[in-house]
1. Identify, please: which residue in segment 126-180 is aliphatic (A, V, I, L, M) and farther than 18 Å from C30 by Cβ and is, among those, farthest from the chain's Cα centre (by Cα)?
2. Hey, any hits in segment 42-54 for a residue that's touching a Cys at 6+ places or on another chain (Cβ under 9 Å) and surrounded by 15 or more Cβ atoms within 10 Å (Cβ to Cβ)?
3. Would you call T19 farther than 30 Å from R180 by Cβ and of a type in the set (S, T, N, Q)?
4. Tally time: how many residues in segment 74-83 are surrounded by 19 or more Cβ atoms within 10 Å (Cβ to Cβ) and touching a Lys or Arg at 6+ places or on another chain (Cβ under 9 Å)?
5. Suppose we filter segment 122-138 for residues that are at pLDDT 95 or above and over 15 Å from V9 (Cβ atoms); how many remain?
6. Pick out, from segment 139-199, the helices (runs of 4 or more DSSP H) lying fully within it that include 2 or more residues that are within 14 Å of E16 (Cβ to Cβ) and modelled with pLDDT under 95.
7. With respect to R127, is the statement that it is farther than 13 Å from E16 by Cβ, among the basic types (K, R) and surrounded by fewer than 14 Cβ atoms within 10 Å (Cβ to Cβ) true?
Amino acid sequence: MFLIGEAVVDEEIAHERFTCDLIRCKGACCTIRGGQGAPLEDAELVELRTALPSARKYLSDENLQIIESRGFFEGKPGNYFTTCVDDRDCVFVYYEDDIARCSLERAYQNGETGWRKPLSCHLFPLRVSRGLKQEIRYEKISECSAGRSRGRSHDMPLYDFLKDALVRNFGGRWYEEFRRECLRHDTASHPPPRGDCTA
């Protein structure tokens, strides 16, 4: 663990290589079984409600019926999450060529809304716990094994892959300090090879 500002960071984040591989994982992080969808900040309920009209055109009739009957979120203050379909898919998921995709992000990418998606989704596979200090931990799940393989093959550090999400949550100055510390820890564990010496 190391400390950046008021956030305690899991050191494994500094060493992991990662980049999503949707062709292989099929958007598994949006369809994990368990009955709870994406964790939501309390303030995000307003953002979700505003973005819903733009996102709903991409959703199936089943998902729309669930939103009408159960709502698009569940839980209580400090512990909200998106509603699930059959204890699995997030209610905002739609399918394209058998890949689970986010209707909120599609609406954002199409310029139909100014809000991208829940922060917990944007940051995944990192999780941020709120408390006296924020704790940033790496959630290493089997569903993301393809992302780890692709990250290693492209030598893409997890902290670089998630730059936009981390800046969104913590700000640019924090991210730059965080990245410097990640580089320091990563280099200490994996020093660059020495070049050949010639006499």
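The values are calculated or read from the model by the stated rules, or taken from the named source; none is laboratory data. These numbers were taken from a predicted model, which means no experiment stands behind them. Cβ coordinates were reconstructed from backbone atoms using ideal geometry, including for glycine residues, and neighbour counts include every protein chain displayed.
1. To start, the set of residues in segment 126-180 that are aliphatic (A, V, I, L, M) comprises 126, 128, 132, 136, 141, 146, 156, 158, 162, 165-167.
If we keep only those that are farther than 18 Å from C30 by Cβ too, we end up with 128, 132, 136, 156, 158, 166-167.
Numbers: V128: 10, L132: 23, I136: 12, M156: 16, L158: 11, L166: 10, V167: 13 Å.
Taking the candidates together, the pick is L132.
2. Within segment 42-54, the first condition is being touching a Cys at 6+ places or on another chain (Cβ under 9 Å), and the residues that meet it are none.
Among the residues of segment 42-54, not one is touching a Cys at 6+ places or on another chain (Cβ under 9 Å) and surrounded by 15 or more Cβ atoms within 10 Å (Cβ to Cβ), which makes the answer no.
3. Details: farther than 30 Å from R180 by Cβ: no; of a type in the set (S, T, N, Q): yes.
Criteria not met by T19.
4. The total comes to 1.
5. 2
6. Details: elements: 145-153, 158-161, 163-170, 172-189.
In segment 139-199, 172-189 are the helices (runs of 4 or more DSSP H) which contain 2 or more residues that are within 14 Å of E16 (Cβ to Cβ) and modelled with pLDDT under 95.
7. Numbers: farther than 13 Å from E16 by Cβ: yes; among the basic types (K, R): yes; surrounded by fewer than 14 Cβ atoms within 10 Å (Cβ to Cβ): no.
Taking the combined requirement at face value, the residue does not satisfy it.
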